[in-house]
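Read the structure below first, then the notes.
The values are calculated or read from the model by the stated rules, or taken from the named source; none is laboratory data. For clarity, every value in this text was computed on a predicted model and none was experimentally measured. Because the Cβ atoms are built from the backbone with ideal geometry, glycine has one as well, and the counts that use them run over all protein chains shown.
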């Protein structure tokens, strides 16, 4: 099984692994690598190996069938994603009486309702602090998936090349404000993916094996992330995604209470949004 996973995750790399260390575009593409390994995409080129299957994947798994869908989903992942839901659930679980009552309620429908079963499973994992859930930053799960969508959106022509590279710069900025190494990113991504999947023991074991293998290709001695310095420079983001969303009248601002609880990255994104949003929803003009 390990050998099969080695074949599945074999990187498609243009040029040498050593050259990744000084390739700015490879640095920008670094957050796309976990899914590039699974999908057989070139890890250091902004492309996909199979446009047709990528189109089907976006429609099936994300409900994305055109540019506006893609832009809105990217915005959701960068603004809040699953991390907002899981952070709220973790805060609720700090109150044991709430958790106990919630489990009792979910027990009534969990045998026939998948959502109830999954929520109960997550609550139990949080109560046990399984895999360090009490302290993990869930953001990597959202940001790495945003990188995946950026690659695929560019390949399908729903993002211009300029927009795609700039959105990858946004993803890298979000990661750099949230973590201090590729290893931290991978641990957070892997644990949050496991929490999201909410599967039984047998399937969890299979997914753990899959991610241990994928992790070797990322962070092992000859790993791709190992070859790309965490602090390697990349262009500062221009937030072109927000410009596109402004044209769709799709910008949203954090409420004062949400801003208080927001991460450094979420506050930065909100600040950039305010310079573009109409004054009617709380935007402010750019000071020249």
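Does residue 136 satisfy being in a helix (DSSP H, G or I) and in contact with a helix residue (DSSP H, G or I) (Cβ under 7 Å, 6 or more places away or on another chain)? It is false that residue 136 is in a helix (DSSP H, G or I) and in contact with a helix residue (DSSP H, G or I) (Cβ under 7 Å, 6 or more places away or on another chain). From the list 124, 131, the lone residue that is in a helix (DSSP H, G or I), out of contact with any strand residue (DSSP E or B) (no Cβ under 7 Å at 6 or more places or on another chain), without any contact (Cβ under 8 Å) to a residue 40 or more places away in the chain and over 13 Å from residue 74 (Cα atoms) is 124. When the residues of the range 176-213 are filtered to those that are in contact with a helix residue (DSSP H, G or I) (Cβ under 6 Å, 6 or more places away or on another chain) and over 20 Å from residue 132 (Cα atoms), the one that is surrounded by the fewest Cβ atoms within 10 Å (Cβ to Cβ) is 177. Within the range 230-266, being within 28 Å of residue 186 (Cβ to Cβ), without any contact (Cβ under 8 Å) to a residue 60 or more places away in the chain, surrounded by fewer than 16 Cβ atoms within 10 Å (Cβ to Cβ) and in contact with a helix residue (DSSP H, G or I) (Cβ under 7 Å, 6 or more places away or on another chain) holds for no residue. The condition of being crowded, with 17+ Cβ neighbours inside 10 Å, modelled with pLDDT of 95 or more and either in contact with a helix residue (DSSP H, G or I) (Cβ under 7 Å, 6 or more places away or on another chain) or assigned to a helix (DSSP H, G or I) (or both) holds for only one of 105, 148, that being 148.
The residue that is farthest from residue 264 (Cα to Cα), among those in the range 154-175 that are touching a residue at least 40 places away in the same chain (Cβ under 8 Å) and surrounded by fewer than 16 Cβ atoms within 10 Å (Cβ to Cβ), is 161.
Only a single item in (1) part of a helix (DSSP H, G or I); (2) surrounded by 17 or more Cβ atoms within 10 Å (Cβ to Cβ) is not met by residue 68, and it is number (2).
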